[in-house]
Amino acid sequence: MDFYYLPPSPPCRAVEMAAKAVGVTLNKKIVNTAAKEQLNPDFVKINPQHTIPTIVDNGFVLWESRPILIYLAEGYDKTGELYPKVPKTKAIINQRLYFDMGVFYKSFLEYYVPIMLRNQPADPEKFKDVEAAFELLDTFLTAKPYAADTDTYTIADIALVASMTNYEMAGFDYSKYANVAKWYENCKRVIPGYEENVVSSKDLSYFQLTKQPTQGE
């Protein structure tokens, strides 16, 4: 399975962890978006929307990480635990995936990316959004050990862990969110490929092209 990606990207790292969980070997092809490689004609032919991650599985092309996670789970997970066939469970997993995309990961992007890659000052209002996202995730983890109210990890946990790794890398103190802290430590132990995900999360070298100089540079 061909995999077009950029190592530090949380959505790309989520796909890597899911592929490892289901035993799929990825033929990895780096697309450096900071260098505009996603606009190369050969890649645009594959994905007219020219986004990563993108997979090509025996001619079948799919992009956007969360649909890819679902595809990998439905097509290759022999345990049936990553995306159970129970409609209500699937619905909760889908909700958590949307929560990651529209709230949890989005909050990281809006608060930390301007600081880390553009040398902009921290925005206190955006930090409130980060805290609100953690409060919600903490609530989701009240009854069961995993994010979709399940006893085993699912693709929802994989997506959220990829985002969570970035928060940890950025130095966010999540210790006051007891349920989140317990969940994350557990996920570190059970999700395949977690350590590789950590290493990739710290590699910001690809983004130096987009970093704006501070005054005096």
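Using a simple spin-label model with points 7 Å from Cα along the Cα→Cβ vector, what separation in nm is obtained for E81 and A181? With each label placed 7 Å out from Cα toward Cβ, I get 2.6 nm. Fully extending the segment from L109 to E74 would add 9.7 nm, taking 0.36 nm per residue of separation and subtracting the current Cα-Cα distance. In the chain, the DSSP beta bridges split such that about 65 percent are antiparallel, to the nearest 5.
Per 0.36 nm of contour for each residue apart, how much would the distance between N58 and L39 grow if the chain were fully extended, relative to their Cα-Cα spacing? Walk me through the intermediate numbers first.
Details: separation 19, 0.36 × 19 = 6.84 nm, distance 2.29 nm.
Result for the pair: 4.6 nm of gain on full extension.
Which of K29/K126; K85/K176; K29/K88; K28/K128; K36/K202; K29/K85 have a Cα-Cα distance over 25 Å? Don't jump to the answer; show the numbers that get you there.
Numbers: K29/K126 34 Å; K85/K176 34 Å; K29/K88 36 Å; K28/K128 37 Å; K36/K202 21 Å; K29/K85 32 Å.
Table pairs above 25 Å Cα-Cα are K29/K126; K85/K176; K29/K88; K28/K128; K29/K85.
Just the protein heavy atoms count here, and of the accessible area of the chain at 1.4 Å, carbon and sulfur take up 53 percent. Computed over the chain with a Gaussian network model linking Cα atoms closer than 10 Å, the most mobile of P192, P121, P84 is P121. Per residue, the stretch 87-201 exposes 46 Å² of accessible surface when a 1.4 Å probe is rolled over the protein heavy atoms with every protein chain present.
The chain: longest stretch without exposed trypsin sites (Lys or Arg not before Pro) (DSSP loop, at most 14 other Cβ within 10 Å), sites themselves excluded? Walk me through the numbers before you get to the answer.
Numbers: sites that count: K36, K78, K85, K176, K202, K211.
Value returned for the longest uninterrupted segment is 86-175.
Residues whose amide H comes within less than 5 Å of that of N32, counting only those at least five positions distant or on another chain, are E37 (H built at 1.01 Å from N in the peptide plane). Cβ-Cβ distance of T51 and N94, R₀ of 30 Å, FRET efficiency by 1/(1 + (r/R0)^6): the value works out to about 0.90.
The values are calculated or read from the model by the stated rules, or taken from the named source; none is laboratory data. Every value quoted in this text rests on a predicted model; they were computed, and no experiment measured them. Using ideal geometry, Cβ is built from the backbone for each residue, glycine included, and neighbour counts are taken over all protein chains shown. The accessibility values were calculated without ligands, DNA or RNA, using every heavy atom of the protein model including side chains. Shrake-Rupley method; radii C 1.70, N 1.55, O 1.52, S 1.80 Å.
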